[in-house]
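Enquirer: Please find one structure pasted underneath; my questions will follow.
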Amino acid sequence: MSELHILVEESVQIAWDFLERSGEIIDGYETSQFLVSAVGRMALTGERRKLMLANRAIDVYRATRREAA
């Protein structure tokens with residue numbers, strides 16, 4: 001597995017764990033797809049800090065949920 005795949009996987013897991021503990025996950029499949037997509041896009045732009053990727057993905061997830069409500 002490439003370093004980028006590992007980075008995305010670990011960043012998504014951090015974001016998932018946080019969202020799960022805070023009770024913000026409604027649809028697990030949809031949330032996982034969203035997080036993988038969001039983190040993947042950011043990683044492709046050059047961001048390599050796991051916590052930054054996870055935190056930004058959480059922020060985007062929350063903003064998207066607010067817009068949908």
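Each value in this text was obtained by applying a stated rule to the coordinates, not by laboratory testing. It should be emphasised that the depicted structure is a prediction, and the values quoted were computed from it without experimental measurement. Using ideal geometry, Cβ is built from the backbone for each residue, glycine included, and neighbour counts are taken over all protein chains shown.
Enquirer: Find all pairs meeting these conditions: Cβ atoms under 8 angstrom apart; at least six residues apart or on different chains; first residue within region 12-31 and more than 21 Å from Ala68 (Cα to Cα); second residue of a type in the set (Lys, Arg).
Expert: Ile14/Lys50
Enquirer: Next question, about the same structure. Would you confirm, using the coordinates I've provided, whether Ala57 is part of a helix (DSSP H, G or I), among the hydrophobic types (A, V, I, L, M, F, W, C) and surrounded by fewer than 11 Cβ atoms within 10 Å (Cβ to Cβ)?
Expert: Answer is no for this residue.
Enquirer: Write out, first by first residue and then by second, each pair whose Cβ atoms fall under 8 Å of each other, whose residues are 6+ apart or on separate chains, and whose first residue, in region 43-59, is within 17 Å of Glu3 (Cβ to Cβ) while the second is aromatic (Phe, Trp, Tyr) and assigned to a helix (DSSP H, G or I).
Expert: Ala54/Phe18
Enquirer: Can you work out which of the residues in region 1-27 that are part of a helix (DSSP H, G or I) and touching a Phe, Trp or Tyr at 6+ places or on another chain (Cβ under 9 Å) is surrounded by the most Cβ atoms within 10 Å (Cβ to Cβ)?
Expert: At the first step, the residues of region 1-27 found to be part of a helix (DSSP H, G or I) are 3-21.
Applying the additional criterion that residues be touching a Phe, Trp or Tyr at 6+ places or on another chain (Cβ under 9 Å) yields 15, 19.
Numbers: Ala15: 28, Leu19: 19.
Here the answer is Ala15.
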